[in-house]
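Here is the structure we will look at.
FYI, it's all coordinate maths here, none of it is from the lab. This structure is a prediction, so every number in the text was calculated from the model and none was measured. Positions of Cβ are backbone-derived with ideal geometry, glycine not excepted, and every protein chain shown enters the neighbour counts.
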Amino acid sequence: MTEKVSITIDGKTTELPVLKASEGRSVVDVRGLIAEGIFTFDPGFLSTASCDSKVTYIDGDAGILLYRGYPIEQLANQSNHLEVCYLLLNDELPSQSQYDSFESSIKSQQTVDPNFQNIFNGFTQGAHPMSMVSAAVAGLASLFHEETDITNADDRMQTAHRLIAKIPTLAAMAYKHGRGEAFVEPNDDLTYAENFLNMCFGTAGEDPNVSPTIAKAMDRIFLLHADHEQNASTSTVRMAGSTDCNPYAAISAGICALWGPAHGGANEAVLLMLNEIGDESRVEEYVNKAKDKNDSFKLMGFGHRVYKNFDPRATVMQESCHAVLVEQGVEDDALLKVAQRLEKIAREDDYFIERKLYPNIDFYSGITLKAVGIPTELFTVIFTLGRMPGWITHWNEMLSAPYKIARPRQLYLGESSRDYVSISDR
Ligand code: SDX
């Protein structure tokens, strides 16, 4: 028996079905309202489910995050990013032979056409890598537009493999161009994270020399960022993809949405904030700024639309962060001291407690990336690399079933109809 809710407007009652979730909150199906000429109003979509999905489940109050049903803590400790890419795309963990075949497919597509590499020459050396990466991914449409039939499941999976394979190479090329250094070609003998680090920090023509500790931390950062339900950038990919546009264009739109400091750009913003605070003695001053309604300053890396308890990724990231800091011998780092004091105060301050503002993944990923020597401008590019499998999985999920172009309506508060007045009469 389907549960229903009734809504009465101007004396007319409409019954709306309640759709049950397999986990978490059920939803009121409001699609029947359009026949009654009624819109719902929910700026920012705080109480709106834009789609159904089987990919990722979040319980923000309980601090639960599942990728295809597997807890993020177990995946972070027992799996790796490539295996999680397979899991997200295929709904099941791979057998050894499936994993080997997937890894081989990814490794065989890591190179970027030498002529295409010239796209980076269009950017000044000071350009932010996110502007280069979003342009380069959109540019992939020029290479694969004709051969990509988005209605064909095999073509969609090929697109997914291609993007997962090439995003580390494009990200590293953006970084190298920004530094005025020669590109380092992908190395199939290295793991996914080792290869990315070598293409960023290695030297063309020289043997790789990648720290296993840093590679492990980087792989875990990729894994923890792999997907997160209908966040702003994933919703952007779905919205763009709903127009049947080229998938590389839809993903590029998601990269641009991720760049914002309220979203994936927060990890870079955390470091800029810590540098601005500079010393433990100034932490209270900045906490008070964050609480001041007349001050637009916010504590970067704190708060979350969904997590109102703790971000389970942040917990895993915090453990990884501490291990890396000890390994790197920088546990006494001044900025880390500022971050630790900031976290302590925020956790004890009523303003943050009442609003359930806790450190999110970006708070710890920013500190960890700094500890392993990653330049700040690469932080959000690393988030992009990690989130790639999530974006393309949601795009594929949407296109694997009937869908409609995303086209929200509005609450109109403008002028009623009025006649044009010639300029001589105004
Ligand atoms: C990511 O959606 C996802 O899943 C995103 C993500 C993913 O994996 O895809 O998890 C990745 O984007 C994590 C979030 C990274 N962003 C930041 O760390 C930037 C700082 N955080 C804020 O901008 C904010 O907390 C958001 C954007 C994360 C959430 O904003 P909401 O849900 O719209 O909450 P809100 O702005 O309505 O805040 C509620 C209250 C307000 O105060 P009141 O008006 O009630 O008095 O809390 C305050 C806000 O002013 N507040 C903060 C704050 N965040 C919220 N005050 C100070 N510092 C902050 N960081």
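What the table below lists for this structure:
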| quantity | calculated |
| --- | --- |
| Potential extension, MET157-LYS356 segment - 0.36 nm per residue separation minus Cα distance | 67.7 nm |
| Gyration tensor over alpha-carbon atoms, the range 253-301, equivalent ellipsoid semi-axes in Å | 24, 13, 6 |
| For the range 100-259, alpha-carbon Rg and Dmax in angstrom | 15.7, 45 |
| Gained length - THR13 relative to ARG31, 0.36 nm times residue gap less alpha-carbon distance | 5.0 nm |
| Alpha-carbon Rg/Rh ratio, for the range 195-298, with Rh computed the Kirkwood way | 1.10 |
| Residue (of LEU274, PHE302, VAL287) at the positive-pole extreme of the range 256-306, dipole from beta-carbon charges | PHE302 |
| Exposure proxy order (Cβ contacts within 10 Å, fewest to most) of TYR351, TYR364, TYR192 | TYR351, TYR192, TYR364 |
| Point-to-point label distance, SER142-ARG407, nm (Cα→Cβ direction, 7 Å offset) | 3.1 |
| Low-density loop positions, trypsin sites (Lys or Arg not before Pro), the range 6-88 - DSSP coil, at most 11 other Cβ in 10 Å | LYS20, ARG25, LYS54 |
| Extension gain, ASP244 back to ALA334 (0.36 nm per residue minus Cα-Cα distance, nm) | 27.5 nm |
| Debye log10 I(q)/I(0) at q = 0.12, 0.13, 0.19, 0.21 Å⁻¹ for the range 61-127, Cα point scatterers | -0.53, -0.58, -0.78, -0.85 |
| Eligible aspartates and glutamates near LYS12 by straight Cα distance, threshold 15 Å, same-chain separation 8 or greater | GLU36 |
| Test item: Cα-centred dipole of the range 108-253, Lys/Arg +1 and Asp/Glu -1 on Cβ, debye | 520 |
| Farthest toward positive dipole pole in the range 1-134 [+1 Lys/Arg, -1 Asp/Glu at C-beta], among SER105, TYR57, GLY44 | GLY44 |
| Estimated D of the range 240-337 in µm² per second, where Rh is the Kirkwood radius over Cα pairs and Stokes-Einstein applies at 20 °C, 1.002 mPa s | 132 |
| At 1.002 mPa s and 20 °C, Stokes D of the range 74-176 from Kirkwood alpha-carbon radius, µm² per second | 141 |
| Packing-based order for 411-424, 309-322, using average beta carbon neighbours within 10 Å, highest first | 309-322, 411-424 |
| In nm, spacing of pseudo-spin labels at PHE45 and ASN118 (7 Å Cα→C-beta vector) | 3.9 |
| Kyte-Doolittle mean at least 0.0 and Cα axial length at least 27 Å: DSSP H helices in the chain | 379-399 |
| Links that overshoot a 21 Å alpha carbon limit, given the list LYS308/LYS404; LYS298/LYS337; LYS216/LYS356; LYS291/LYS356; LYS337/LYS370; LYS20/LYS54 | LYS308/LYS404; LYS216/LYS356 |
| Compactness of the range 321-381 as Cα Rg over 2.2 N^0.38 Å, two decimals | 1.23 |
| Calculated log₁₀ intensity ratio I(q)/I(0) where the Debye formula runs over C-alpha points of the chain, q = 0.12 Å⁻¹ | -1.05 |
| Rg over Rh, two decimals, the range 289-405 (C-alpha only, Kirkwood Rh) | 1.06 |
| Förster radius 51 Å - calculated FRET efficiency between ILE423 and ALA323, Cβ distance, rounded to 0.05 | 0.15 |
| Evaluated at q = 0.18 Å⁻¹: base-10 log I(q)/I(0), Debye formula over Cα of the range 158-219 | -0.61 |
